[in-house]
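K.L.:
Starting off with a structure, shown below.
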Amino acid sequence: MNEQWIQFAERVKEMYGKDFVPLHEPTFNKKEVEYVTDCVKTGWVSSVGAYVTRFEEDLAKFVGVKRAVAVVNGTAALHIALKVAGVEANDEVLMPSLTFIATANAVSYCGAIPHFVDVHEETLGMDPFKLDAYLEDISEVRNGELYNKETKRRIKALVPMHTFGHAVHLEELLVLAEKYYLVIVEDAAESLGTYYKGKHTGSFGKINAMSFNGNKIITTGGGGAILTDDEALADYAKHLTITAKVPHKWEYVHDEIGYNYRMPNINAALGCAQLEKISELLKHKKQLTSKYDKLVANLDGVYLFKQPKHSDSNYWLQTLVLDESLNREEVLTFLNEKGVMSRPIWRPIDKLEMYKACPKMELSVTDILNKNIVNIPSTPIEVN
Ligand SMILES: *Cc1c(COP(=O)(O)O)cnc(C)c1O
């Protein structure tokens, strides 16, 4: 790697004031300590306590949906969202191959089968134009349901994911969902604080999922949430996540096989504190983007990925897109050795052993992007 890259690595370390710069770290201040300490002091650390309800209400308000159900992680949120949306064993679920493994695993937990769709280079997420042409070809509608002509299986749902916090072509996907009788479940794990044409992501699907893992835009340690405007679905989702226990003062009666997916109070306490400063975190993310824009302008053969025109993005992970003159492995090796933590985009899921045999469309854009994308340190900090 040349002098330009040596300079780049130095500038990034200077900006963060560190010799080793992690990819993404949580930011904690007094409020987190105060709320978590409160849980410990009062003993309300587990399945009962006021922070869970407060976190659910604050989150629903911020996203602009009627209800949020807090759960143990984003994968569990996706699992329950898909189940409640009507995904059943042996259904197919359309999803990008270029996503974190959790999207596919959640589909598998329902006994359903991921069906991989290509992505659009403008959004890094699902390509509705390519998908439309593909579905015209391989599927047919019978009695208000979509079927894969080849596998004979029902295609039930569409799971768009907002890669690194950039909103996908939601409007076009909503039209597709209507046309093909598909239910939309957004994987909004990475997009808290991202808006599509002024409306928050995670509020477009029938029921949607978000993550608060340690590396996400805000964290509850580990955690996730199910988001929806549908009160009945929210109630059912909540019921399933608390072992499907029928409310009673002392009796243990459960009316179906439920899940122990409830978010503990101590995690929700952290979440309440984090949510209070979300605007500041988002502001710092944008400042970081402007700063990187200047630094990346000095590098040949690479550009900084910017929000698509319909998206007001949270810039969760800052993204370099390399051209053919650069080798991804060399860039990764160089930056990581210099102490600037960098990671490739996920290996496309259709290439992984357990998902190799799943149905998929031609995934050329996925394969190109996979070779060219490197994420660089993205912890929100005040820069000027
Ligand atoms: C983080 C993430 C998830 C899952 O979240 P966990 O809280 O880690 O289970 C799901 N989908 C995507 C795209 C993610 O980035």
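The values are calculated or read from the model by the stated rules, or taken from the named source; none is laboratory data. Quantities reported herein were computed from a predicted structural model and do not represent experimental measurements. Positions of Cβ are generated from backbone atoms using ideal geometry, with glycine treated the same way; all protein chains shown enter the neighbour counts.
K.L.:
What helices (runs of 4 or more DSSP H) lie completely within the range 49-127 and have 1 or more residues being buried (at least 23 other Cβ atoms within 10 Å of the Cβ) and small (Gly, Ala, Ser)?
P.N.:
Filter on the range 49-127 gives 74-84, 101-109.
K.L.:
What tally of residues in the range 190-245 results from selecting those that are assigned to a loop (DSSP other than H, G, I, E, B) and more than 16 Å from the ligand (Cβ to nearest atom)?
P.N.:
The number of residues fulfilling the criteria is 8.
K.L.:
For the condition under 30 Å from residue 27 (Cβ atoms) and either outside the structural domain of residue 116 (by TED's automatic domain parsing) or buried (at least 18 other Cβ atoms within 10 Å of the Cβ) (or both), what is the one hit in 202, 214? Before the answer, list the steps.
P.N.:
Working: 214 fails: either outside the structural domain of residue 116 (by TED's automatic domain parsing) or buried (at least 18 other Cβ atoms within 10 Å of the Cβ) (or both).
Exactly one residue qualifies, and that residue is 202.
K.L.:
Residue check, residue 180 against (1) touching a helix residue (DSSP H, G or I) at 6+ places or on another chain (Cβ under 6 Å); (2) surrounded by fewer than 16 Cβ atoms within 10 Å (Cβ to Cβ), all met but one. Which one?
P.N.:
(2)
K.L.:
Could you figure out which of (1) over 20 Å from the mean Cα position of the chain (by Cα); (2) surrounded by 13 or more Cβ atoms within 10 Å (Cβ to Cβ) isn't true of residue 354?
P.N.:
Against the list (1) over 20 Å from the mean Cα position of the chain (by Cα); (2) surrounded by 13 or more Cβ atoms within 10 Å (Cβ to Cβ), residue 354 comes up short only on (2).
K.L.:
A follow-up question, please. Take residue 170 and tell me if it is in contact (Cβ under 8 Å) with a residue 12 or more places away in the chain, farther than 28 Å from residue 377 by Cβ, crowded, with 24+ Cβ neighbours inside 10 Å and away from the ligand (no atom under 15 Å from the Cβ).
P.N.:
Here the answer is yes, as residue 170 does meet what is asked.
K.L.:
Right, here's the next one. For the structure I just gave you, tell me whether residue 274 is part of a loop (DSSP other than H, G, I, E, B) and farther than 19 Å from residue 82 by Cβ. Show your work before the answer.
P.N.:
Numbers: part of a loop (DSSP other than H, G, I, E, B): no; farther than 19 Å from residue 82 by Cβ: yes.
Against the criterion (part of a loop (DSSP other than H, G, I, E, B) and farther than 19 Å from residue 82 by Cβ), residue 274 does not qualify.
K.L.:
Among the residues in the range 120-133, are any among the aromatic types (Phe, Trp, Tyr), in contact with a Lys or Arg (Cβ under 8 Å, 6 or more places away or on another chain), closer than 23 Å to residue 370 by Cα and more than 13 Å from the ligand (Cβ to nearest atom)?
P.N.:
The first filter runs over the range 120-133 and keeps only residues among the aromatic types (Phe, Trp, Tyr), leaving 129.
In the following step, the residues that additionally are in contact with a Lys or Arg (Cβ under 8 Å, 6 or more places away or on another chain) were identified as none.
No: the range 120-133 contains no residue that is among the aromatic types (Phe, Trp, Tyr), in contact with a Lys or Arg (Cβ under 8 Å, 6 or more places away or on another chain), closer than 23 Å to residue 370 by Cα and more than 13 Å from the ligand (Cβ to nearest atom).
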